[in-house]
Protein chains: 2
Amino acid sequence: MPPSPTSPTRTGSPGGLHAGVLHALGIRVVSGELAAGQVLTLESICADHGVSRAVAREVIRVLESMGLVASRRRVGVTVQPREGWHVFDPRVIRWRLEGPDRAEQLLSLSELRRGFEPVAAALAAERATPEQCAQMAAAVSDMVVHGRSGDLEAYLGADSRFHATLLAASGNEMLRALADVVTEVLAGRTHHGLMPADPNPEAIALHDEVARAVRDQDPVRSEAAMRRIIEEASDAMRAEFG
Amino acid sequence: MPPSPTSPTRTGSPGGLHAGVLHALGIRVVSGELAAGQVLTLESICADHGVSRAVAREVIRVLESMGLVASRRRVGVTVQPREGWHVFDPRVIRWRLEGPDRAEQLLSLSELRRGFEPVAAALAAERATPEQCAQMAAAVSDMVVHGRSGDLEAYLGADSRFHATLLAASGNEMLRALADVVTEVLAGRTHHGLMPADPNPEAIALHDEVARAVRDQDPVRSEAAMRRIIEEASDAMRAEFG
DNA sequence: TTGCGTCAAAAAGTCATACTTTTGGCGACA
DNA sequence: TGTCGCCAAAAGTATGACTTTTTGACGCAA
């Protein structure tokens, strides 16, 4: 055991010391608690978290690779302004969703979604495998069932599964990688009471339309239907936050 | 000086040992030279690159944070399959563009672009500042001039500036972060001889249309014009690679 | 007073080493 | 043949010594 851990940042963190310190510092940066321009030293990080310099260095290197901080000799570790952040890094996204700009982050993601989901729908219509078509049909079916029973969590699960499958079916690995993002947006919406207790039947019908258009290999129809899904969701979110 | 550097991976790398080893290993993973499932040990990395264990560990931690490798006790460092890669990480994108899936990466990025650039154009029409409008107009002007003179590099610069400004004008930080990606796609197209020696006047006219629509705060028009820009570029690229 | 050169200290970068912890594999025993 | 336990391999962590870069301060000169 380290001499005297002072047990400062024992955030549980069952992933080793590294993961714990990384999370703690990452949160502090993206939340703005550590403002841009502020400088830390490795020594202070060691002291604050009760870890050795080696661990602190590894953490800083990872944070640096996300654009959150920059390390310079004789100066220390400087917190970077937002413009330098790698805003597509899954961890940065998650940390921001945990922090105070949760709303802003969700808005950004929604706008983004408006761009890539229709494209994914069009591509999926050209490339989806029969299995993927079946999965999407099943997801729509689940949406209908859970929408009727009023089980919002289950509905959310089915919705997420639908979009994740569609993105994977696009055959574009970058689009597929955005599945987590969409899941977050959907979850954020549900857990903020934006979902009517009785999910909009029209939304479900549109999902069904997308699934059928993909099955029929009709890119134009699937893209149009997806666009309408997004518009509807976007309007709801803007009404809440914007 | 280290005892006997064996001068193995002296790739120049004027950013410290860390940067050099990171680049070398990153390239080897994304290029497929190190196949998924293959395991390395820290010791072997130290030996291969003539660095200490501390440096090797920091590199692995960063690679791990990109999803390229995973480190487990008693096993070593395992190269991860593509599905786990953080494909939006700027370095991963750059490394892939340097490697053998350059073509595939460019195709992925083009498809993505078809999604987000029209959205950015629409948002920009609602949010662009007068300065940004002016910058876009200037970029279009440069495109005309350099297109006429046949200076492809300068044309490329102006084109990139146009799109970067537009993305920034969208007011969405995630869209803005995609500017580098667009620049890469444009550069890839130019440096692969896809550009006609005399740039398509119609393309320039469309850029002008976007700039004017943004200035007039007309989202529908700017989005439509941008969509046509992408379609044209996309067709050219598909003809070359697809 | 200003401007430039030098110097010392601060902090990261690097290395070496010792120790701890986890875990996969192998061998012994039932 | 199957299971249990031990061992060793490899990462995780800690510590300390040394190197290198950079900056801020001091002093000297114009």
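Using the rule -39500 (n - 2.57) for each DSSP H run of four or more residues, divided by the residues of chain B, the 222 nm mean residue ellipticity is -22000 deg cm²/dmol. Label-point distances for B:Pro81 to the equivalent site in the other copies, using a point 7 angstrom along Cα→C-beta, read 4.3 nm when ranked shortest first. Relative to the longest principal axis of the Cα atoms of chain B, helix B:53-65 runs at roughly 40 degrees. Label-to-label distances for B:Thr41 across copies, nearest first, come out at 3.8 nm, using points 7 Å from Cα in the beta-carbon direction. The charge dipole of the stretch B:101-240, taken about its Cα centre with unit charges on the Cβ of Lys, Arg, Asp and Glu (plus for the first two, minus for the last two), comes to roughly 200 debye. Shown in residue order for the stretch A:138-153 are the 3J(HN,Hα) couplings computed by the Karplus curve 6.51 cos²θ - 1.76 cosθ + 1.60 at θ = phi - 60°: 5, 4, 4, 4, 4, 4, 4, 4, 6, x, 5, 6, x, 7, 4, 5 Hz (x for Gly and Pro). Charged side chains reduced to their Cβ positions (Lys and Arg at +1, Asp and Glu at -1) give the stretch B:16-84 a dipole of some 240 debye around its Cα centre. Dipole of chain A (Lys/Arg Cβ +1, Asp/Glu Cβ -1, origin at the Cα centre): which of A:Val51, A:Gly20, A:Ser31 lies farthest to the positive side? Positive-end residue among those listed: A:Val51. Each principal axis of the Cα atoms in the protein assembly as shown has its own extent, and those three values, largest first, are 67, 63, 44 angstrom. The value of relative contact order for chain B, using C-alpha pairs under 8 Å at least six residues apart, is 18 percent.
Taken over chain A, the convex hull of the Cα atoms encloses 144 Å³ per residue.
Karplus-based coupling profile of the stretch B:76-90, in residue order and whole Hz: x, 9, 9, 5, 8, x, 3, 4, x, 5, 8, 6, 9, 5, x, with θ = phi - 60° in 6.51 cos²θ - 1.76 cosθ + 1.60 and x standing for Gly or Pro.
Between the stretch B:148-170 and the stretch A:136-177, what is the C-alpha centre distance in whole Å? The distance from the Cα centre of the stretch B:148-170 to that of the stretch A:136-177 comes to 39 Å.
For the stretch B:16-84, compute the orientation-averaged projected area of the C-alpha convex hull (one quarter of its surface), in nm².
Projected over every direction and averaged, the Cα hull of the stretch B:16-84 covers 4.1 nm².
The other copies place their B:Arg53 label points at 1.7 nm from this one, listed shortest first, where each point is 7 Å from Cα along Cα→Cβ. So what's the stretch B:27-128 giving for Rg/Rh, alpha carbon basis, Kirkwood Rh from the mean inverse pair distance? Value, to two decimals: 1.13. With neighbour counts taken as other beta-carbon atoms within 10 Å, the residues A:Leu166, B:Leu25 rank, fewest first, as B:Leu25, A:Leu166. Couplings 3J(HN,Hα) of the stretch B:166-176, computed from phi: 4, 5, 5, 5, 5, x, 10, 5, 6, 4, 4 Hz, in residue order, whole Hz [Karplus 6.51 cos²θ - 1.76 cosθ + 1.60, θ = phi - 60°; x for Gly and Pro]. Using Cβ point charges alone (K and R +1, D and E -1), the dipole size of chain B about the Cα centre works out to roughly 1120 debye.
All of the numbers you see were taken from the coordinates with simple rules; none came from a lab. In this text the structure is predicted, and so the values were computed from the model without any measurement. As a convention, Cβ positions derive from the backbone with ideal geometry for all residues, glycine included, and neighbour counts pool all protein chains shown.
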